[in-house]
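Engineer: Take a look at the following structure, please.
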Amino acid sequence: MKIITKKILLIILFSGMMVVYSYAQRNIGGYYTYKTECMGVELDGSQTLKAWGNGRNRIDAIEQAKKNAIRDVLFKGITDGKPECNKKPVIFEVNAHEKYEDYFNVFFADGGVYKEFISKKDGSDLHLQVFKDRKQAGDQETYGVVIRVLRAQLKARMKADNIIPGGSPAKPSKDPIVAAPQDQEIVAKAESDTKYRGSGDPLKGLNVSKAKKEMQMGDYYALIIGIDKYTKAWNPLENAVNDAKSVESLLKEKYKIDHFSTLYDNEATREAIIDEMLKLVENVKENDNVLIYFSGHGEFNKALNKGYWVPVDATTASVSKYISNSDIQTFLGGIKSKHTLLISDACFSGDIFRGKTMTVPFEDSEKYYTKVHSLKSRQAITSGGIEPVMDGGRDGHSVFAYYLLSKLKSNTSKYFDASQLYDAIKIPVTNNSEQSPKLNPIKNSGDEGGQFIFIKKQ
């Protein structure tokens, strides 16, 4: 009997410990501050650290965590966790990251030089283990990693590349990197006026010295279409024209648009819309950018398995009066732009996406914007999938247009691409309506994985 009683007590005690442990695990997201922690110092002087990163998936988050660990060793020092790690940063100079921005953009590029200073002595990419925290808003995931950072070698590299005093020009690294083209503002200053601390150009150590180029943006074209005054077979709308005119006004006020074309109500006939598309095909050059916004009725024919825009002169329910999504896809493929973004606030507009496509993962860096600008894009943001969408919403706008305008207005960054805009609107639109916005490349239209970039006026 005593033995049975002891077993029961042990089971209860173990269960209680598991509950406490489980509770602690569940609450790590609520209490953890995501600071890099010292786990110990190895015999070779390297620092074992626990660092955290956010990303769209596990791989991106882990990669970001590694970068965060190196950044903290370089610029902040390790002050949390065990006391063994060096609390002083490798680089003491204030704003060194901004001063040597070109250097560190290349240094921390995906697969870049920073990886040379993460030890792989245990035979794996990560020193010990990976921790998943929780799913973040906007499909972001948080992971922690325990890695070994080679602090002494990292400091020696900073000296060799003349980022900190005491070095000399470095020899080319084993895996030379070519710098991506930089923003126009970065290269506006003549290289002859650029001064560096030390005896040479710090970019030489990365084999990217004097490799800066301008990001050629080209002209921006906008075609804005809004239709309220439908007749006969199609009920009139209340907010489509107001939505379209508000988009036009906001773009003129805040963003770079060089050429505007608009079609409102009775102007937006089938022939007129096609004519405007043909003008874009004929006039847009290879380095230009095109934004097309449509707000009006949409239709989906189940028998033909095809979606359509409904122009103002479509007075019957015949598909012969509509503009099919496959026709729109053909026009988008014929426009010779670098980037074309279609924003469609109409029922069944998500039908324009057919087939599997891929895009470059977002990263808030000059390197990312340079890369996605260099690749062609043919994308669409739609207010829903193959489903009806709401005309009414808030403040005289559809739900989709209200949040689209709100996010474009509140943006403070010089560059704001289509994926960022979509990430900003998809949750509020979904949570406040019965529709789910979509963003995807348009299949077979020439997309290469790039992004349309909104450029804020200065």
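A short reminder: the numbers here are calculations on the coordinates, not readings from a lab. Values in this document were obtained by computation on a predicted structure and should not be read as measured data. Glycine gets a Cβ as well: all are built from the backbone with ideal geometry, and neighbour counts include every protein chain shown.
Engineer: What FRET efficiency do you get for Thr269 and Ala303 if R0 is 22 Å and r is their Cβ-Cβ distance, rounded to the nearest 0.05?
Structural biologist: FRET efficiency, Thr269 to Ala303: 0.30.
Engineer: Could you rank the peptides 333-340, 262-269 by their average count of other C-beta atoms within 10 Å per residue, with the highest value first?
Structural biologist: Top of the packing list down: 333-340, 262-269.
Engineer: Which far-off residues, 5 or more places away or on another chain, put their amide H under 5 Å from the one on Ser377, with H placed in the peptide plane?
Structural biologist: Here the answer is His339, Thr340, Glu448, Gly450, since their amide H atoms fall under 5 Å of that of Ser377.
Engineer: May I pose another question? Along each principal axis of its Cα atoms, how long is segment 237-338 end to end? Whole angstroms, biggest number first, please.
Structural biologist: Result for segment 237-338: principal-axis Cα extents of 41, 31, 20 Å.
Engineer: Also, quick follow-up: Dividing the Cα convex hull volume of segment 220-455 by residue count, how many Å³ per residue is that?
Structural biologist: Dividing the Cα hull volume of segment 220-455 by its residues yields 111 Å³.
Engineer: What is the distance, in nm, between label points placed 7 Å from the Cα along the Cα-to-Cβ direction at Lys256 and at Ala233?
Structural biologist: Distance between label points: 4.4 nm.
Engineer: On full extension of the chain, what length is gained from Lys87 through Lys443, given 0.36 nm per residue of separation minus the C-alpha to C-alpha distance?
Structural biologist: 123.0 nm
Engineer: If you build the Cα gyration tensor of segment 49-120 and take the root of 5 times each eigenvalue, what three semi-axes come out, in whole angstrom, biggest first?
Structural biologist: On the way: eigenvalues 75, 64, 23 Å².
Equivalent ellipsoid of segment 49-120: 19, 18, 11 Å, largest first.
Engineer: Less than 14 Å from a label point 7 Å out along the Cα-to-Cβ axis of Ser326: which backbone N atoms in segment 272-307 qualify, by residue?
Structural biologist: 301-307
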